[in-house]
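Each value in this text was obtained by applying a stated rule to the coordinates, not by laboratory testing. Values in this document were obtained by computation on a predicted structure and should not be read as measured data. We place every Cβ from the backbone using ideal geometry, glycine too, and count neighbours over all the protein chains shown.
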Amino acid sequence: MDTNEYLDVFIDESFENLQLMNNGLLELEASPHDVTRINEIFRAAHTLKGMAATMGFEDLSKLTHQLENVLDLLRNEDLPVTSNVLDVMFESVEALEAMVEDIVNGGNGKRDNQTILEQLNKLESGESHTVEPTTSRTTPTSKEPGSFDLDDFERTVIEQAQSQGQKIYDITVSIDKECLLKAARVYMVFNIFENNGSVIKSNPTVEELEQEEFEDSFNVLFITDEDLDSLKKQIENVSEVEKVNIEEIQINQSEEEGNEEVAATVDTPKEEENKKSSNKPVASKSIRVNIERLDALMNLFEEMIIDRGHLEQLTQTIDDKDFKETVERMTRTSSELQNVILKMRMVAIDQVFNRFPRMVRSLSKELGKKIELEVIGAETELDRTVIDEIGDPLVHLIRNAIDHGIETPEERLQNQKSETGKLQLRAYHSGNHVFVEIQDDGGGIDKDKVLQKALQNKVVSEEDSSKLTDQQIYELIMSSGFSTADQISDISGRGVGLDVVKNTIESLGGSIEIDSELHVGTTFSIKLPLTLSIITALLIKMKDETYAIPLSSIEETAVISKNDIFKAHGQEVIDFRGQIIPLVNINEVFDVKQDSVEQTHYSVVVVRKGNRLTGLIVDSFIGQKEIVLKNLGTRLKDVFAISGATILGDGEVALIIDTNALVK
């Protein structure tokens, strides 16, 4: 059997089962006597083993089988749940993840697992025998064989088969209730049927089976002259097939009734059959879609947005009522379509959060600390492109909080705290943004020490340091190479890598803020856009050139008098609602030649980066517009203060200003 077509299904299901095992082990550590949790881990391991064996990944199957044996001892209480046992099992899951990752990258899943296998064997030592995991599973009761309504053609086929001495069977196949993709299992079973005989009819229909519109079992009317024991064994070897029941059937021919059917010889009450057939399960309402297809859909839609902008411009020059109404309807429809497509790309952030519980457990043991991780809002959704980029910054911030934020149990007790530190990972929506917060109840940030180090490293001057707010002082730890640690560890360092975290988040159009209180704790708050591909921007004019400023970074627009501008330390500034903010002239930044006419009023766009504001002087405002963000390619990736470009409705290219680079 060619297994390549099932590879994507295998990879998706493998990661899901590994995550179930990982979460189950973490919960088992908190409740060592929870047999239900052990059974859940066992089921996930059993499913993974079956899939690996079917796909031919022997090393993966072998390690999972050995892990199953240990789990079987745990659920039968022949082996206690200890820290050592859990450590070995976590190592086993890590090895399994490494093998699946190898398969994802085009490998064959081969890995030297000798050390882990020896550790698992040691856990089994002392037992007189190893219980085969599959024997202890509870086999669900399969539904009784139903009846098949046959048409004339199907009846003719059956009569010809009987005349040739072939047998007709009603075969019931029961699939594990925990199976995630039943349609794939059905496909494998039908391949076996086709190699051994002919399927005349199925109940439910083939279409319903493909759409998973059935519960945990299905029937087929099957003609064969092959050995039934061999056939049954082949089907039972398919991963997650729980039971196979084969019954020879006879045809009840009754022309008077006009209702031709094949009825099983098993005694099943007619009323019960009718009742079962009426309880049709609800069809699955979700499907797996390759992200590349969604990317292609988004690219096509982006082109449509550009054309929509062109049509909207044409309505200003073409005075035709029908044309204008058609464009208006198209605009409304495309806006709704845009929302649908963006929602299709949204992924729950728990895909990122899921990796952290085990990481926290491992690091806390390594550092001799007691840490309780609380995850809130894991169901919060973000665009897939943002999800792919946010993982590494969060890993560093959490490692940073564990290493330098939360104290040792002895230090916490001296400070009259609980010896168990608390680390909270929180995500939530607010407007068109998602906020992710990492909060610890550790020692906090010593702002005096940070400021002293900043002065020593000449990150800030003596004069500027006296004007910094507490939050601005905390942000100094995200300067390049900045660290207040007395000793550099290989786990993290405040400042060693935090500049990379900051740059990554800002490259996503987001921002990061720090709030801390000495001896109480620290909170890192990350603000991210919901999506990166289609944004709302303010179009501005600089002589003959058009630029776009993302609306998410704009605080306010204003027209100010020349008399309102004054200088402080050689920098032009204005008083904006009681706060002195610097001004940046976009003409000077992008070297746009201006007319020599002296201006008395200026158009200003006030932009924000964190808690800092800057006014951008522009020639004029055009208006708000939804634009498609396009990158500039590898050759122009380092252009100062430009984050990308967009194509306007008239075909003109407008550069998108990176306001983060201009905020002073």
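Just a few scattered comments:
- Residues of region 612-628 with amide N under 19 Å of the 7 Å Cα→Cβ point at residue 597: 617-622
- Compared with the dominant principal axis of the Cα atoms in the chain, helix 35-55 is inclined by about 80°.
- Restricting the calculation to Cα atoms, the chain yields a radius of gyration followed by a Dmax of 32.9, 106 Å.
- Rounded to the nearest 20 debye, dipole of the chain from Cβ charges on Lys, Arg, Asp, Glu: 3000
- Inter-centroid distance (Cα atoms) of region 369-410 relative to region 292-361, Å: 31
- Net charge over other residues, Cβ less than 10 angstrom from the Cβ of residue 239 (K, R count +1; D, E count -1): -1
- Rounded to the nearest 10 degrees, the angle from helix 182-196 to the longest Cα principal axis of the chain is 40 degrees.
- Inter-part distance where region 599-613 and region 153-190 are each reduced to a Cα centre, Å: 72
- Loop GluC sites (Glu not before Pro), region 391-468, which have at most 13 other Cβ atoms in a 10 Å radius of their Cβ (DSSP): 419
- Listed by chain and number, the lysines placed with their C-alpha closer than 25 angstrom to that of residue 167 are 143, 201, 232, 233, 243, 270; residues fewer than eight positions away on the same chain are left out.
- Crossing angle, helix 321-344 versus the chain [Cα axis fit, 0-90 degrees, rounded to tens]: 70
- Charge dipole of region 297-345 (Cα centre as origin; +1 on each Lys and Arg Cβ, -1 on each Asp and Glu Cβ, all else neutral): 300 debye, rounded to the nearest 20.
- Neighbour net charge for residue 47 - beta-carbon separation under 10 angstrom, K R +1, D E -1: -3
- One Cα centroid belongs to region 552-571, the other to region 36-95; the line between them spans 64 Å.
- If you count Lys pairs in region 534-661 whose Cα atoms are under 30 Å apart, skipping same-chain pairs closer than 8 places in sequence, the total is 27.
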